[in-house]
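Since the structure comes first, as structure tokens, the remarks are kept for the end.
The values are calculated or read from the model by the stated rules, or taken from the named source; none is laboratory data. None of the values given here were measured: they were computed from a predicted structure. Ideal geometry is used to build each Cβ from the backbone, glycine not excepted, and the neighbour counts take in all protein chains shown.
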Amino acid sequence: MRTLLFNIIVFLIPFVIYAIYLRLAAEGKLRDSKWDQKTLSRLFIGGAALVAVSLFFLGIDTQDNTEGVYKPAEVKDGVLIPSRIEDPDGEGE
């Protein structure tokens, strides 16, 4: 869920920057502009590119253990033990 929210925020960054630009333009500080199809297409492509780059770097940064045995979460003696991946010899990470 955290990754999904992060990617949505990254995608919306160009739109937020452009909205700030339009706000400044409405106040007369910048030349007038609008939300036309060409601008929205560029913002969409820019946002999608940012998401792709962030997914690439998040994938590189994440070093998940792909070997071993998955052990689901369990309750033992009233204590919740979180899910984990155990080494093939039976030791947890």
* Asked: Any residue at all in segment 51-70 that is aliphatic (A, V, I, L, M), modelled with pLDDT of 80 or more and outside any helix (DSSP H, G or I)?
  -> yes
* Mind checking which residues of segment 74-93 are part of a strand (DSSP E or B) and at pLDDT below 75? -> Gly92
* Could you please let me know if Phe6 is on the phi < 0 side of the Ramachandran plot, hydrophobic (A, V, I, L, M, F, W, C), surrounded by 11 or more Cβ atoms within 10 Å (Cβ to Cβ) and modelled with pLDDT of 85 or more? => no
